[in-house]
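Bear in mind these aren't lab numbers, they're just calculated from the coordinates by the rules spelled out. Note that the coordinates shown come from a computational prediction; the quantities given were computed from them, not determined experimentally. For neighbour counting, all protein chains shown are included, and Cβ atoms are generated from backbone atoms with ideal geometry for every residue, glycine included.
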């Protein structure tokens, strides 16, 4: 039996042990980690670890000597895979460049506005913008305004620039409100924990990391 076969057999045993010891836990996949006897368990975009010898579940971050979270990197990769199936027709489309950026943002978030400024200077990008005002729930009214506007791009610009909703704007329809809630549900499905969060070339970028944008979009 090859080393690969041994590894596959060990993973199967770990998965069987997890199902037996924790039948209430739902998960999608079990993978070996770089630590012998410890397995990564993927559940949607969430990750935890399992040691079958001790029948112990470990919840937390695995951090390397560079002080970067290996767990966060894997969560980002899982989320990027989920993003491939997002209904982009329900996002606000900004620009018509060849490079695609999927974004979860919040009109009242200062870091989101910093990222917004960055992308206004690029003509080579198409953004698909979803809204997730997690830290500013009152911003849902601005989201509903944007999603209900005839010119969504212009409405998006005005809200990201900190302008108020026009007094002449019609009240949001039930469909606008439902779409805003659908954006929130999609953010939850992807596992968004903060804004802004971007997906570029299969990688997740959290925050207004303009240097990382430059790297991924060059």
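Anyone know which of 64, 76, 95 comes out most mobile in the 10 Å Cα GNM of the chain? Per the Cα network of the chain with a 10 Å cutoff, 64 tops the list. Shown for 62, 160: other C-beta atoms within 10 Å of each C-beta, ranked fewest to most, produce the order 62, 160. So what's the angle, to the nearest 10 degrees on a 0 to 90 scale, between helix 3-21 and the longest Cα principal axis of the chain? With rounding to tens, the tilt is 80 degrees. Helix 110-120 and the longest principal axis of the Cα set of the chain meet at an angle near 70°.
Projected over every direction and averaged, the convex hull enclosing the alpha-carbon atoms of the range 57-174 yields 10.3 nm².
When both bridge partners sit in the chain, DSSP labels roughly 75% of those beta bridges antiparallel. Using only alpha carbons, the range 3-72 has a radius of gyration to Kirkwood radius ratio (Rg to Rh) of 0.97.
Given axes a ≥ b ≥ c from the Cα gyration tensor, I'd like to know whether the range 111-190 is rounded (a/c under 1.5), prolate (a/b larger than b/c) or oblate. Verdict is oblate for the range 111-190. By DSSP, the beta bridges lying fully in the range 88-217 are antiparallel in about 60 percent of cases. For the chain, a Gaussian network of Cα nodes joined below 10 Å ranks 93, 189, 13 by mean-square fluctuation, and the top entry is 13. Per residue, the convex hull spanned by the Cα atoms of the chain measures out at 156 cubic angstrom. The ellipsoid that matches the Cα gyration tensor of the range 28-125 has semi-axes, each √(5λ) in whole angstrom, of 36, 16, 12, with the longest given first. Note on the chain: with a GNM built from Cα contacts shorter than 10 Å, the maximum mean-square fluctuation among 188, 26, 65 falls on 65. Cβ crowding within 10 Å, taken as a proxy for footprinting-reagent exposure, orders 58, 146, 200 from fewest neighbours to most as 58, 200, 146. Taking the square roots of 5 times each eigenvalue of the Cα gyration tensor of the range 168-218, largest first, gives ellipsoid semi-axes of 29, 14, 9 Å.
By how many degrees, between 0 and 90 and to the nearest 10, does the Cα long axis of helix 174-190 differ from the longest principal axis of the chain? Taking Cα atoms only, the helix is inclined about 30 degrees.
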